[in-house]
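Reading through the structure tokens given below for one structure.
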Amino acid sequence: MGTLRAIMRRNRLWANLQPDVKLLRRRDDVGRAISDSEEKALLDACLTSRSRSLCPAVTLALSTGMRYSELRLLKWKQVDFGKRDLTVGDSKTEFGTGRVIPLDNRSFHVLSIWAGNFPGREPEHDVFPAEK
């Protein structure tokens, strides 16, 4: 809409249409990073969840910025503990696929502990399998 409005302004057409056009309200809360206290509250809530995988998954998301689908589809073959990184598979965009994400100390530690819960894991297994 912004581009269209700019083109119409340049051609002096916007003034005629402006009274009939209702622009969407701009949200100021989009893209705001959570505070340290909000992050702590989120992780504390995850720890009380019945889901064993919620806290490690949320911690990894907070540390890496991975999308929900990237976390959900993550396989052990994509995690390289030696290089301390992981490679994103299916992603929202074609350019996101194959993206290497470094693991900071917190995400590396959480993934290492989580991996210990699956001694018989195979490369094709999900990092965060569904719980029933």
Odd one out for Asp90, checked against (1) at pLDDT 95 or above; (2) charged (D, E, K, R); (3) within 20 Å of Glu122 (Cβ to Cβ) = (1)
Is at least one residue of segment 10-30 surrounded by 10 or more Cβ atoms within 10 Å (Cβ to Cβ), part of a helix (DSSP H, G or I) and of a type in the set (Lys, Arg)?
-> no
Kindly list, by first and then second residue, each pair from a residue in segment 94-113 that is in a helix (DSSP H, G or I) and surrounded by fewer than 11 Cβ atoms within 10 Å (Cβ to Cβ) to a residue that is of a type outside the set (Gly, Ala, Ser) and modelled with pLDDT of 95 or more, limited to pairs with Cβ atoms under 8 Å and residues at least 6 apart or on different chains.
-> Ile113/Pro56
Could you pull out the residue among Ala6, Ala15, Ala41, Ala33 that is at pLDDT 95 or above, among the small types (Gly, Ala, Ser) and out of contact with any Cys (no Cβ under 9 Å at 6 or more places or on another chain)?
-> Ala41
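So that you can scan it fast, the table gives a plain yes or no per residue for (1) without any contact (Cβ under 8 Å) to a residue 60 or more places away in the chain; (2) of a type in the set (Gly, Ala, Ser); (3) under 30 Å from Gly2 (Cα atoms):
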{"position": "Asp36", "(1), (2), (3)": "yes, no, no"}
{"position": "Lys40", "(1), (2), (3)": "yes, no, no"}
{"position": "Ser49", "(1), (2), (3)": "yes, yes, no"}
{"position": "Ser53", "(1), (2), (3)": "no, yes, no"}
{"position": "Gly120", "(1), (2), (3)": "yes, yes, no"}
Residue count, segment 38-68 (criterion: assigned to a helix (DSSP H, G or I), of a type in the set (Ser, Thr, Tyr) and surrounded by 13 or more Cβ atoms within 10 Å (Cβ to Cβ)) = 3
Tabulated pairs, segment 1-15, first without any contact (Cβ under 8 Å) to a residue 24 or more places away in the chain, second surrounded by fewer than 10 Cβ atoms within 10 Å (Cβ to Cβ) and assigned to a loop (DSSP other than H, G, I, E, B), C-beta under 8 angstrom, 6+ apart or interchain = Met1/Leu23; Met1/Leu24
May I ask you to list the residues in segment 1-38 that are within 30 Å of Ser63 (Cα to Cα) and hydroxyl-bearing (Ser, Thr, Tyr)?
-> Ser35, Ser37
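The values are calculated or read from the model by the stated rules, or taken from the named source; none is laboratory data. Source: prediction; values computed, not measured. Positions of Cβ are generated from backbone atoms using ideal geometry, with glycine treated the same way; all protein chains shown enter the neighbour counts.
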